[in-house]
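The values are calculated or read from the model by the stated rules, or taken from the named source; none is laboratory data. Fair warning: this is a prediction, and the values are worked out from it, not measured in the lab. Positions of Cβ are backbone-derived with ideal geometry, glycine not excepted, and every protein chain shown enters the neighbour counts.
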Amino acid sequence: MKKNRFPMAIKVLVFYVSFMLLHYLYDWFPNTITMIFSGINESVYQHMKIAFFVCVFTSTIEYLTIKQAIQSRSRFFISRIFTTSYLPLLMMVIFLICPIVFGKIETIAGEIIWANIALLSTAIFSFEIEKHFEKSDPSNFMIGIVIFIFLLSLVQFVVFTFELPWFDILATPPGW
C-alpha cells in the first residue's frame, strides 16, 4: 500500500533544492522563459516569485509520486493551491524577523545564512499548515477565494517580471 503523503523532510528537501536551482536558473540561462520562473534580481519580490513557482513544481512532484493513494484529489489540489499562494507571503514575513531581532546583517555570509533559515522555516511552516488545510472541507466560496488569489498571484508574478509597478512596498510613497 502506498503512503498518501510525501514525508515532510522529503518535501522540504525537494522545495529547497528546487528553489536553489530556480534562484540561479536565469543567471545560467538568461532568456524569456527562465526569466518568468527564475529570479532576475535579488529583490524580496523575486524570491517570492521563485517560491511560488517552486511550490507548483513541488506539488506536481508530490502528486505524481502519491497520486494512486490520494483519498481526495479536490482537497489535495485546493490545499496545494492555497500553499502556493500563501507561502511567498509567509516567506516575506519570516524573512523580516531578522531586522526586528538582529537589526541589519552586515555580511553577505550572514545574509545568506539568514535567508536560508527563513526559507527552510517558511517551507516547514507552510507544509504543516497545508496538511491541516487538506483535512478541511472548504466551502465553494473559500475554494473560489483560494483559486482567485492563486491566479492573481500567478499573473502578478509573470507581469511584474517584465514591468514592475510604479510603487515600492517598503518605501514611503513620493509626496507623503
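If I ask for residues that are over 20 Å from MET142 (Cα atoms) and among the aromatic types (Phe, Trp, Tyr), which ones from the range 55-88 would you list?
PHE57, TYR63
Would you say PHE76 is part of a helix (DSSP H, G or I), aromatic (Phe, Trp, Tyr) and surrounded by 16 or more Cβ atoms within 10 Å (Cβ to Cβ)?
Yes.
Tally time: how many residues in the range 86-102 are aliphatic (A, V, I, L, M) and assigned to a loop (DSSP other than H, G, I, E, B)? First the steps, then the outcome.
Taking the range 86-102 first, the residues aliphatic (A, V, I, L, M) are 87, 89-94, 96-97, 100-101.
Adding the requirement that they be assigned to a loop (DSSP other than H, G, I, E, B) leaves 96.
So the answer is 1.
Filtering the range 50-73 down to residues that are among the hydrophobic types (A, V, I, L, M, F, W, C) and under 11 Å from the mean Cα position of the chain (by Cα), which residue is surrounded by the most Cβ atoms within 10 Å (Cβ to Cβ)? Quick ask: steps written out before the conclusion?
Going residue by residue through the range 50-73, those that are among the hydrophobic types (A, V, I, L, M, F, W, C) are 50-57, 61, 64, 66, 69-70.
If we keep only those that are under 11 Å from the mean Cα position of the chain (by Cα) as well, we get 50-57.
Values: ILE50: 26, ALA51: 28, PHE52: 23, PHE53: 20, VAL54: 26, CYS55: 26, VAL56: 17, PHE57: 18.
The selected residue is ALA51.
Taking ILE66 and the conditions (1) touching a Cys at 6+ places or on another chain (Cβ under 7 Å); (2) of a type in the set (Val, Ile, Thr); (3) more than 22 Å from TYR45 (Cβ to Cβ), which numbered condition does it fall short on, given that it satisfies the others?
So ILE66 meets the others, but not (1).
Can you name the number of the only condition in (1) modelled with pLDDT under 90; (2) within 21 Å of THR58 (Cβ to Cβ) that PRO173 fails?
(2)
Look at the range 36-51 and say how many of its residues are closer than 15 Å to VAL93 by Cα and not charged (D, E, K, R).
Number satisfying all stated conditions: 7.
Can you pull out the residues in the range 82-128 that are among the hydroxyl-bearing types (Ser, Thr, Tyr) and modelled with pLDDT under 95? Give the derivation first.
Step one: filter the range 82-128 for residues among the hydroxyl-bearing types (Ser, Thr, Tyr), giving 83-86, 107, 121-122, 126.
THR107, the sole residue that qualifies.
Residues of the range 62-73 being in contact (Cβ under 8 Å) with a residue 24 or more places away in the chain, closer than 16 Å to LYS131 by Cα and part of a helix (DSSP H, G or I), which ones?
The answer is GLU62, ILE66, ALA69.
A quick yes/no check of all residues on (1) part of a helix (DSSP H, G or I); (2) surrounded by 15 or more Cβ atoms within 10 Å (Cβ to Cβ); (3) among the hydrophobic types (A, V, I, L, M, F, W, C):
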position: SER18; (1), (2), (3): yes, yes, no
position: THR84; (1), (2), (3): yes, yes, no
position: LYS104; (1), (2), (3): no, no, no
position: ASN116; (1), (2), (3): yes, no, no
position: LEU119; (1), (2), (3): yes, yes, yes
